[in-house]
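As structure tokens, the structure follows; a few thoughts come after it.
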Amino acid sequence: MSDGPRARAVRVEDRGHVRILTLDRPERRNALDLADRLDLLAALRAAEVEAEVRAVVLTGAGPVFSAGGDIRSMSQDRDVARQRLDVVNAVVRQLVTGDLPVVAAVEGGAYGLGLALAAACDLVVAGRSATFSTSFAKIGLGPDTGLAYTLPRRVGQGRARELLLTVRTFDATEAKRIGAVETVVDDGAALDHAAELAARLAELSAPMVAGTRRILTQADQSLDGVLGAEADLQVELLAGRQFAEGRSAFLERRRPDFVGA
């Protein structure tokens with residue numbers, strides 16, 4: 001007898017122009033199997049194409065942001081393993097290179113894949129009691145979900161190497177000190193604070209936000225590469241309606257309405 005359709009792994013809520021995506025597997029600490037990962041990818045892609053959505057918050061239901069990958073669903077079959085990794089790679093590409101800014105709200109903990117998801121977001125807000133670990137090596141695996149790319153960009157090569165190899169757990173205070181998170185708030189307040197941050201991002205010029213994110217993540221991070229990308233973006237923005245609104249607002253001494261523009 002069928003148990004009915006599988007519940008979606010991601011709960012969706014809109015607060016104005018901010019879309020909140022909540023990993024909704026609290027019974028297993030939001031550890032994600034293949035189907036869950038596909039749900040997350042679909043939710044991120046859906047947010048990207050909806051005109052009213054201008055920023056995203058990623059959080060987890062229950063006491064833990066995400067315990068990582070669902071170990072019970074992991075397979076030693078190479079084809080199955082490749083499929084799982086292809087999906088999380090697509091998730092990280094969407095988080096890092098998509099047009100929408102993403103803020104992570106971490107309560108409880110982020111481990112392995114969970115830490116990688118948070119590290120791929122533009123900003124991370126953590127509850128004071130949150131803890132973090134790369135965790136992959138504890139079960140004999142190397143990093144995935146882009147963590148070997150995102151973590152060094154946040155904390156530096158040396159610190160990332162130490163965290164990836166020693167697999168030690170670090171708390172929110174250290175996470176902020178080394179750059180793994182931007183903001184630490186009282187426990188239970190991470191989601192609301194992250195939503196407020198995302199709302200501020202949603203009020204900015206969307207082409208500016210997307211273009212700035214594109215420069216920060218482009219492959220060519222040489223001085224000439226960045227200078228060229230900055231110039232290309234600035235020329236594009238100067239000719240656009242968003243700058244026209246920003247200039248008018250400045251001259252008229254009012255707050256710009258980039259959403260309306």
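Every read-out reported here was derived from the displayed coordinates using simple, explicitly stated rules and does not represent laboratory data. Values in this document were obtained by computation on a predicted structure and should not be read as measured data. Cβ: placed from backbone, ideal geometry, glycine included. Neighbour counts: every protein chain shown.
For a quick check: sort VAL226, VAL106, VAL91, VAL49 by the number of other beta carbons within 10 angstrom, fewest at the front.
The most exposed by this proxy come first: VAL49, VAL226, VAL91, VAL106.
At a 10 Å Cβ-Cβ cut-off, how would you order ARG214, ARG37, ARG19, fewest neighbours first?
Starting with the residue having the fewest Cβ neighbours, the order is ARG214, ARG37, ARG19.
Along each of the three principal axes of the Cα atoms of the chain, give the extent in whole Å, ordering the values from largest to smallest.
61, 48, 40
Throw me the Rg/Rh for the range 20-94, computed over C-alpha atoms with Kirkwood Rh, two decimals. Spell out each step's value before the answer.
Numbers: Rg = 13.1 Å, Rh = 13.1 Å.
Rg/Rh: 1.00.
Assuming R0 = 30 Å, can you tell me the calculated FRET efficiency for the pair THR166 and SER73, based on Cβ-Cβ distance, to the nearest 0.05? Please report the intermediate quantities before stating the final value.
On the way: r = 27 Å, r/R0 = 0.89.
Once rounded, the FRET efficiency stands at 0.65.
Would you mind giving the three semi-axes, in whole Å and largest first, of the ellipsoid equivalent to the range 130-261 according to its Cα gyration tensor?
36, 21, 11
Please report Rg over Rh for the range 206-251, where both radii come from the alpha carbon positions and Rh follows the Kirkwood definition.
My calculation puts Rg/Rh at 1.06.
Suppose a student asked you for the relative contact order of the chain, using Cα pairs under 8 Å spaced at least 6 residues apart; what percent would you report? If you can, show how the numbers build up before the last one.
Values: 469 pairs, mean separation 43.6, N = 261.
Relative contact order for the chain comes out at 17 percent.
Between SER129 and ARG159, what FRET efficiency comes out of the Förster formula 1/(1 + (r/R0)^6) with R0 = 25 Å and r the beta carbon distance, rounded to 0.05?
The calculated FRET efficiency here is 0.70.
Against the longest alpha carbon principal axis of the chain, how many degrees, from 0 to 90 and to the nearest 10, is the axis of helix 241-251 turned?
For 241-251 against the chain, the angle is about 60 degrees.
Helix-only mean residue ellipticity at 222 nm, the chain, DSSP H runs n ≥ 4 weighted -39,500 (n - 2.57), per residue, nearest 500. What is it? Write out the running numbers ahead of the final one.
On the way: 10 runs with 121 residues, N = 261.
After summing the helix terms and dividing by the residues of the chain, the value is -14500 deg cm²/dmol.
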